[in-house]
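The values are calculated or read from the model by the stated rules, or taken from the named source; none is laboratory data. Quick caveat, the model's predicted, so the values are computed rather than measured. Here Cβ is always computed from backbone atoms with ideal geometry, including for glycine, and neighbour counts include all displayed protein chains. Quick note on the areas: whole protein, heavy atoms, side chains included, nothing else; ligands and nucleic acids left out. Shrake-Rupley method; radii C 1.70, N 1.55, O 1.52, S 1.80 Å.
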Amino acid sequence: MKTIRILIADDHSMIRRGLKLLLESQKKWHICGEAGTGAEAVEQVKALKPDIVIMDISMPGMNGLEALQEIRNVDPQIGVLMLTMHDSKQMLQGAMQAGARGYVLKSDSETNLFQALEAVWDRKAFFSPGVSKTVLENYIQSSSKQGSSQRFEEPGGLTPRQLAVLKLLVRGMSNKQVAGTLGISARTVESHRYQIMNRLNVRSLSELVLYAVRNRILEP
């Protein structure tokens, strides 16, 4: 098993220490370095060449978003996971535009951090459940402002029924709720969900939401 080298960038030493203890409890993850500022994170990336950077947003001097942009210039192949207390749409949008692969709230880190790192290492997107909802709400609001003349793409290869299921799932409905809305069984919804994720090559609801946002397939 390959050991994944991780750089932790956070201005709180207690958080860095806690993350290191948590991650190194599993042999797969190795903390190769730490940084307390965005500028230090960029320099550490240049010197250590980590596989993944766990980055806070609020740091003195160069903040996490600015550091993320610099890191992408140094090596666009490095996966960056934003680990932050900020759940604002502006921060999330800034992180996406700067090239973050994942965005996890610190309040969700205990349950989502390992899954997020696995996704980032596999070059997949990952967002905390609450963040996924924020992404979707932001998209719907911006679409509404643009007016009904906006065109929407539909993902190739999906049947009309699968597309209907996809739209309801990424709006936060459970399999049971989707089944009730469409008048089909929950088992049929689960089957459609599996086929959709397999066809679109995604592994989580977070990735489905991101796919829907980036491909503009949701009508407000």
Quiz item: Do you know which of the residues in the stretch 49-62 that are touching a strand residue (DSSP E or B) at 6+ places or on another chain (Cβ under 9 Å) and not aliphatic (A, V, I, L, M) is most open to solvent (accessible area, probe 1.4 Å)?
Solution: K49
Quiz item: Looking at the stretch 203-220, which of the residues that are touching a helix residue (DSSP H, G or I) at 6+ places or on another chain (Cβ under 6 Å) and among the β-branched types (V, I, T) is modelled with the lowest pLDDT?
Solution: V213
Quiz item: How about the stretch 60-116: which of its residues are touching a Leu at 6+ places or on another chain (Cβ under 8 Å) and among the β-branched types (V, I, T)?
Solution: V80, T84, V104
Quiz item: Here are some conditions: (1) in a helix (DSSP H, G or I); (2) of a type outside the set (S, T, Y); (3) at pLDDT below 65; (4) open to solvent by 50 Å² or more (accessible area, probe 1.4 Å). R187 meets all but one. Which one does it not meet?
Solution: (3)
Quiz item: For L200, all conditions in the list (1) at pLDDT below 90; (2) open to solvent by 70 Å² or more (accessible area, probe 1.4 Å) hold save one; what is the number of the exception?
Solution: (2)
Quiz item: If you go through the stretch 72-81 one residue at a time, do you hit one that is in contact with a Ser or Thr (Cβ under 9 Å, 6 or more places away or on another chain) and either open to solvent by 40 Å² or more (accessible area, probe 1.4 Å) or more than 24 Å from E207 (Cβ to Cβ) (or both)?
Solution: no
Quiz item: Looking at the stretch 156-168, is at least one residue over 24 Å from the mean Cα position of the chain (by Cα), part of a helix (DSSP H, G or I) and either surrounded by 18 or more Cβ atoms within 10 Å (Cβ to Cβ) or modelled with pLDDT under 80 (or both)?
Solution: no
Exercise. Name the single residue, out of those in the stretch 10-48 being farther than 23 Å from A125 by Cβ and assigned to a loop (DSSP other than H, G, I, E, B), that is most open to solvent (accessible area, probe 1.4 Å).
Key: K27
